[in-house]
Structures are given as structure tokens and as C-alpha cells.
1. Filter region 1-32 down to residues that are outside any strand (DSSP E or B) and either under 24 Å from the mean Cα position of the chain (by Cα) or under 19 Å from Ser47 (Cβ atoms) (or both), then give me how many there are.
2. Can you work out which of the residues in region 64-77 that are in a helix (DSSP H, G or I) and hydrophobic (A, V, I, L, M, F, W, C) is nearest to Ser105 (Cα to Cα)?
3. Give the residues of region 28-44 that are hydroxyl-bearing (Ser, Thr, Tyr) and without any contact (Cβ under 8 Å) to a residue 12 or more places away in the chain, sorted by residue number.
4. In region 90-112, is there at least one residue being in contact with a Ser or Thr (Cβ under 6 Å, 6 or more places away or on another chain), surrounded by 12 or more Cβ atoms within 10 Å (Cβ to Cβ) and part of a strand (DSSP E or B)?
5. Condition first: touching an Asp or Glu at 6+ places or on another chain (Cβ under 9 Å) and assigned to a strand (DSSP E or B). Can you find one or more residues in region 55-63 that meet it?
6. Return the pairs, sorted by first residue and then second, in which the second residue is assigned to a helix (DSSP H, G or I) and among the aromatic types (Phe, Trp, Tyr), the first residue lies in region 73-98 and is touching a residue at least 24 places away in the same chain (Cβ under 8 Å), the beta carbons are less than 6 Å apart, and the residues are 6+ apart or on different chains.
7. Give all pairs with beta carbons closer than 6 Å in which a residue from region 1-27 that is under 12 Å from Ile48 (Cβ atoms) and in the same structural domain as Thr44 (by TED's automatic domain parsing) meets a residue that is aromatic (Phe, Trp, Tyr) and not in a loop (DSSP other than H, G, I, E, B); count only pairs at least 6 apart in sequence or on separate chains.
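The values are calculated or read from the model by the stated rules, or taken from the named source; none is laboratory data. None of the values given here were measured: they were computed from a predicted structure. For neighbour counting, all protein chains shown are included, and Cβ atoms are generated from backbone atoms with ideal geometry for every residue, glycine included.
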Amino acid sequence: MLKETRAERRIEIFVEGKDTETARFFLDVSPRGSKTEKFTFACTVASIAKERREIGNANRDAVRQVVEEAGTWLTVAQVVDGLRAKGLAMAPRTVSGHLKELTVSGGPLRGEGGVGSAKRYTGDLASNLAAI
């Protein structure tokens, strides 16, 4: 079975059968009139998922670093600005999700305050210990 993807010039292939494992992979389609092969193997679904997890982990680590380096309480907007200063562009919603994960997972960050834009985060050990 074939399925169109959001990526231009890429199709998803589903291999299914009653006696076989289901498999999914992607093929890239060469531009019309090009001298290259019409279809080339792009990647598997598992490789895309792994790549996205690695990107998410790197982004979460960048958020953690901005908060820890500040040494004070920061709002989501201030973390977004700190990331932008380092050349990383992340939406406030993405940053907020990373901050929530870093505080809930028992990481080094602590959040306090209200919800949304009123919530503040710190990675400063002294602030964390003083609040306990």
C-alpha cells in the first residue's frame, strides 16, 4: 500500500500480509526529468522516530542549560529569549513542555508560581534548597 506524506517528493510504503510482519518505510521520488533513479530508499519509520527523539532530547537539554545558567527564576518567555540568544528558536509551547518534563521527571529544575506565563523555573541549587 502507498500513502502520500506531508514531505514533498516522499511516499510511505506499507507492506502487509496475513503471514508476514507489517513493515513501513519511505521512498524519495526524484524530480521529473532528472537523470537519477525514480525512487530511492529514504528511511524507516523507526529511524525517523529515533531522529526525532534525539532532537527532542537535545532541545530539552538546551532548555535545561538556559535555566541553570541564569542562576535565577525565569519565565517561559525568558527561557525562549535565552534560547534565541544561543541561536535556537523554539516556540513557547515547546519550551513549556520541556520545562514541565524537566521538573516532573525529577530533574534538576524546579517550578513555582501560577500557571502559564506566571509560572517560573530555576535550576539554581541554592534556590531549590532554600525552598525545601
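1. Going through region 1-32 one residue at a time, the tally reaches 5.
2. Only one residue fits best here, namely Val67.
3. Selection gives Ser34, Thr36.
4. yes
5. No: zero hits.
6. Nothing qualifies.
7. Arg10/Phe26; Glu12/Phe26; Arg24/Phe14
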